[in-house]
Amino acid sequence: MTFKDAKAELRAMANGEYRSLTYSLTEFDDGTETATCNIYVNPSLSASGATWREALNGMRELLNPTDPKPAGESEAPEPEVCF
């Protein structure tokens, strides 16, 4: 999923509320990297993950805590990264 795709999905999910997407990449001196995708809706809700899908799913849970997952949605993490 691209940043543009995540932005579009969050826009639909946020229903006109303030929203923000950020990507953070930390590179350590041994060459390892850690990526984090952060999503904010209005000043009080935030979700993050190693991929945009993980972050968007977390935000969906915060916005709709009683909504069950759609049938067939996999619990396995996606192999994508958020950049």
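The values are calculated or read from the model by the stated rules, or taken from the named source; none is laboratory data. Not measured: the values here are computed from a predicted model. Please note: Cβ atoms are built from the backbone with ideal geometry, for glycine as well, and neighbour counts cover all protein chains shown.
Summary table below
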read-out: All positions within segment 2-22 that are crowded, with 16+ Cβ neighbours inside 10 Å and of a type outside the set (A, V, I, L, M, F, W, C); value: Glu9, Arg19
read-out: Qualifying positions in segment 4-25 - among the basic types (Lys, Arg) and outside any helix (DSSP H, G or I); value: Arg19
read-out: Pairs where the first residue, in segment 50-78, is of a type in the set (Phe, Trp, Tyr) and buried (at least 17 other Cβ atoms within 10 Å of the Cβ) and the second is modelled with pLDDT under 90 and in a helix (DSSP H, G or I), C-beta under 7 Å, 6+ apart; value: none
read-out: Segment 26-39: number of residues that are under 22 Å from Ala8 (Cβ atoms) and modelled with pLDDT under 95; value: 1
